[in-house]
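To keep things clear, I will list the structure first and then write my remarks on it.
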C-alpha cells in the first residue's frame, strides 16, 4: 500500500460527520460518550444487591460498545470498520434491554434509567451517523 493510500485510509473514518479519526479511537466523540456511560453504570451498580448475571450482562454490553470502537480503529478496511459499528449498535440495543429489565425489576430507579437511556440514545445516534459516513465513503470509492 502506497503512502498516499495509507494516509487516506487512516484519515477516512469520520467522527459523526465532523472530524477525522486517525488510528486513535480515543479521539472519537462517540467513544468518549460510550466510555462515560460505561463508567457511570459501573459506579451505579457497584454496591447494588442484584443478580450477578444481570449485573455482568449490563456491564458487558455497555462496555462492549467502547471495546468494539477500539477494535475498529485497528481496521483499514471500510467494510470491517462498518461491521464493527454494526456490532456497537447491537451492543447498544442489548444495553437498552438490560437497562429496561433492571428498571422493571426495581433495581434501576426511574431517574437513573431515564438518564442512562438518554445517553444511550445519543450514543446510538452517533453510531448510526458513523455507519452512514463509512457507507458513503465505501460508495464513493
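When 133, 95 are sorted by how many other C-beta atoms sit within 10 angstrom of their C-beta, beginning with the fewest, the order is 133, 95.
Each listed q (0.31 Å⁻¹) maps to a log10 I(q)/I(0) for region 61-110 from the Debye sum over equal C-alpha point scatterers, namely -1.04. Projecting label points 7 angstrom from Cα along Cα→Cβ for residue 50 and residue 76 puts them 4.3 nm apart. With 0.36 nm allotted per residue and the present C-alpha distance subtracted, the residue 39-residue 101 stretch has 20.4 nm of extension available. Set the Cα radius of gyration of region 28-141 against 2.2 N^0.38 Å, with N its number of residues, and you get 1.12.
Just so you know, all these numbers are worked out from the coordinates, no wet-lab data involved. These numbers come from a predicted model, not from an experiment. Every residue, glycine among them, receives a Cβ derived from its backbone with ideal geometry; neighbour counts consider all protein chains shown.
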